[in-house]
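See structure below.
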Amino acid sequence: MQESTSKEKVLKKVRKALIQKTKNPYPNLDNDSKIYSASDEFLDVLFAEEFTKVSGQFVYCENENECIELLTALTKEREWDSFHSSDKKILEMLEKGKLKSTTSEADFIKSEVGITFCEYLSARTGSILISSKQASGRRLSVFPPVHITVAYTSQLVYDIKEALTGLKNKYGESFPSMIATITGPSRSADIEKTLVMGAHGPKEVYVFLIDDNS
């Protein structure tokens, strides 16, 4: 009989481990208590502070109409030609502001600005939490050089843990296959320790936060 290969030996150990359950070595480990102390600041203020620290661009909007107005003004200032989006509500907002948009796959490669919703905003880290369950999918927040997130104050949570709990409650057994956090523009200092913006994703990241709690 031929000797088992290294791969077969490893797989045999894995199968054995799956059959024979190991007792939890830390049965009294506390996974529920909060790790970070709560902040006295309002979540929108805290998020804006942390987000701008990582070179994010923050825009506060009192309502959806103001969001459209401010987005229109920014579009004219930056001379953007059009937006790429997959979210029906965002496309309606863009149309209301008479802003050119596209959903065409053929136009995706040329997209200058991608605009999406998000799942949550983490105030403590200034992060945007997105998932593959959103209409925008996996690519739109990564490929275009400018990424705009439209979010609501009701989506603000203190930290990532609260956001993940919210996702679990929202999707239940149908949990997203991809969850990611965006904390400012993409950056890298791998080459000669020189900071390069937009190395692996957007060079600019905006959050338009709409107040829906008033």
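Every read-out reported here was derived from the displayed coordinates using simple, explicitly stated rules and does not represent laboratory data. Bear in mind the structure is a predicted one, so any value in this text is a computation, not a measurement. Glycine gets a Cβ as well: all are built from the backbone with ideal geometry, and neighbour counts include every protein chain shown.
For the chain, which cysteines have no second Cys with its Cβ under 4.7 Å from theirs?
For the chain, the answer is C118, because their Cβ atoms have no other cysteine Cβ under 4.7 Å.
Arrange the following residues from fewest to most other Cβ atoms within 10 Å of their Cβ: R15, R124.
In order of increasing Cβ crowding within 10 Å: R15, R124.
If you count the DSSP beta bridges with both ends in segment 48-210, what percent of them are antiparallel, to the nearest 5?
The antiparallel fraction comes to roughly 30 percent.
Determine, for R187, R78, the number of other Cβ atoms within 10 Å of each Cβ, and report the residues in order from fewest to most.
Listed from fewest to most nearby Cβ atoms, that is R78, R187.
How far, in nm, would the chain grow between K193 and V142 when pulled straight, counting 0.36 nm per residue and subtracting the alpha carbon separation?
Answer, rounded to one decimal: 16.0 nm.
Among all lysine pairs in segment 48-210 that are eight or more places apart or on different chains, how many have alpha carbons less than 17 angstrom apart?
The result is 16.
Taking the alpha-carbon distance from K13 and a cut-off under 20 Å, which aspartates and glutamates remain once sequence neighbours fewer than 8 residues away in the same chain are dropped?
Within reach: E3.
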